[in-house]
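The structure appears right after this line, and notes come after that.
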């Protein structure tokens, strides 16, 4: 066992709130552990950053690895990396994940990042760790990026084709800290990852570049072993699948759900649904879906290559309502090339869901030009200001709406209003819902004093231990929304 530990860090965004186990770190950490290294995983939130940094610097690790996705996570990884370098410059810092894989050269231009892992890290990170404690001949490590005298080096490493060779190690974290609830009553629900990638071609999605539309699966026997482990050791009473696309292979999905024999939830495409299939999923006690509608305009649906139309969307909404599935519908507002009338069509589709599917809630957000997605290049041509520093990528934050939309007839305030008025409609408080519906029907967001009051009361309730706080928190659980004080 190496005497110097390796710290793997996910710097998260919301103090005191961690609803998902950090699977990238569980996989990478297990590979290092099997190779004989001592591994410490730190999945820390804002209020824990300084304590974690102090611990890391005192422990003098072989290196610190950060898992980073584009968006607000970037700013937190930057903050922690800079502070480690300030306190102890000799500690090597390596970034892995989607963001450094797509913007490796920019990351390596920063003085607080020494190395990046390009692509999947289970194999690269072990070779990198061995070189750090040995010859330090980093050119031998495929998938490793590093900078010497301003030149960036990074050899390509292909995908791990056989996922039976890697595995998540649940003992590297305490799964008890990640338990969440289903509104139907299950109180020991964990998230689980059974596959990687997605075969579809949505032009707003990073998968087209990062996973090259490849869908790879954890072998069924390994999935079943993991389910057995979580049932035995953590008494789970539900599982939330966090796959990009769990349902590509229906026979496989059904076998997993049947073996699980517990309530579950996952992401599901509109064009996968039919009456017989939803009836079967009801039998398997599937509780909820995340469903990507994205737009109420057929032209926009074609442009973003969703490969289904509004007829399919409405038919599926009606089926979901028929079987009373709880659904979180995703919409994207202000896509490049989208007109004001087409945005209105999306809002009309939301109102259709509100009228027809009482268990339906929403996650409508403004379009964010994620690197690796085909629409990223379109947004750049239309005026998106590409961040000149790594930290600048934190502007891609769907909560705070700080990014300008030069390609759109609407601004970030418009998107913010749509997002929160739809949320308060779904809360089903009659007076509040009536006001919100009126706002959305006419897309009139002038002087949104009402929304400010709703948000103020919501946040006050959320942070209260009184009865109103319990009511508000129960609503938040149903609609699975993160609420932060700076929303008002």
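The values are calculated or read from the model by the stated rules, or taken from the named source; none is laboratory data. Note that the coordinates shown come from a computational prediction; the quantities given were computed from them, not determined experimentally. Methodologically, a virtual Cβ is constructed for each residue, glycine included, from the backbone with ideal geometry; neighbour enumeration extends over all protein chains shown.
Among the residues of segment 72-84, are any surrounded by fewer than 19 Cβ atoms within 10 Å (Cβ to Cβ), in the same structural domain as residue 61 (by TED's automatic domain parsing) and closer than 16 Å to residue 61 by Cβ?
The answer is yes, given that some residue of segment 72-84 is surrounded by fewer than 19 Cβ atoms within 10 Å (Cβ to Cβ), in the same structural domain as residue 61 (by TED's automatic domain parsing) and closer than 16 Å to residue 61 by Cβ.
Please indicate, with yes or no, whether at least one residue in segment 59-76 is touching a strand residue (DSSP E or B) at 6+ places or on another chain (Cβ under 6 Å) and part of a helix (DSSP H, G or I).
yes
Taking the condition of being outside any strand (DSSP E or B) and surrounded by 17 or more Cβ atoms within 10 Å (Cβ to Cβ), how many residues in segment 182-205 meet it?
12
Somewhere in segment 145-159, is a residue surrounded by 19 or more Cβ atoms within 10 Å (Cβ to Cβ), out of contact with any strand residue (DSSP E or B) (no Cβ under 6 Å at 6 or more places or on another chain) and not in a strand (DSSP E or B)?
no
Looking only at segment 239-271, count how many residues are touching a helix residue (DSSP H, G or I) at 6+ places or on another chain (Cβ under 7 Å) and within 19 Å of residue 188 (Cα to Cα).
5
Does at least one position in segment 228-247 carry a residue that is surrounded by 17 or more Cβ atoms within 10 Å (Cβ to Cβ) and without any contact (Cβ under 8 Å) to a residue 40 or more places away in the chain?
Yes: segment 228-247 contains one or more residues that are surrounded by 17 or more Cβ atoms within 10 Å (Cβ to Cβ) and without any contact (Cβ under 8 Å) to a residue 40 or more places away in the chain.
Filter segment 351-376 for residues that are in a helix (DSSP H, G or I) and either over 22 Å from the mean Cα position of the chain (by Cα) or assigned by TED's automatic domain parsing to the domain that holds residue 101 (or both) and give the result.
351, 352, 353, 354, 355, 356, listed by residue number.
Inside segment 135-144, can you point out the residues that are touching a strand residue (DSSP E or B) at 6+ places or on another chain (Cβ under 8 Å) and surrounded by fewer than 20 Cβ atoms within 10 Å (Cβ to Cβ)?
138, 139, 142
Mind checking which pairs have a first residue in segment 158-170 that is on the phi > 0 side of the Ramachandran plot and a second that is surrounded by 11 or more Cβ atoms within 10 Å (Cβ to Cβ) and modelled with pLDDT of 95 or more, Cβ under 7 Å, 6 or more apart or different chains?
none
Which numbered condition in (1) crowded, with 20+ Cβ neighbours inside 10 Å; (2) more than 30 Å from residue 326 (Cβ to Cβ); (3) modelled with pLDDT under 90 is the only one that residue 402 fails?
(1)
Among the residues of segment 323-340, count how many are touching a residue at least 40 places away in the same chain (Cβ under 8 Å) and either surrounded by fewer than 22 Cβ atoms within 10 Å (Cβ to Cβ) or in a loop (DSSP other than H, G, I, E, B) (or both).
Summing the residues that are touching a residue at least 40 places away in the same chain (Cβ under 8 Å) and either surrounded by fewer than 22 Cβ atoms within 10 Å (Cβ to Cβ) or in a loop (DSSP other than H, G, I, E, B) (or both) in segment 323-340 gives 12.
Would you be able to say whether some residue in segment 409-423 is at pLDDT below 90, surrounded by 13 or more Cβ atoms within 10 Å (Cβ to Cβ) and either outside any loop (DSSP other than H, G, I, E, B) or not assigned by TED's automatic domain parsing to the domain that holds residue 348 (or both)?
Scanning segment 409-423, I find at least one residue that is at pLDDT below 90, surrounded by 13 or more Cβ atoms within 10 Å (Cβ to Cβ) and either outside any loop (DSSP other than H, G, I, E, B) or not assigned by TED's automatic domain parsing to the domain that holds residue 348 (or both), so the answer is yes.
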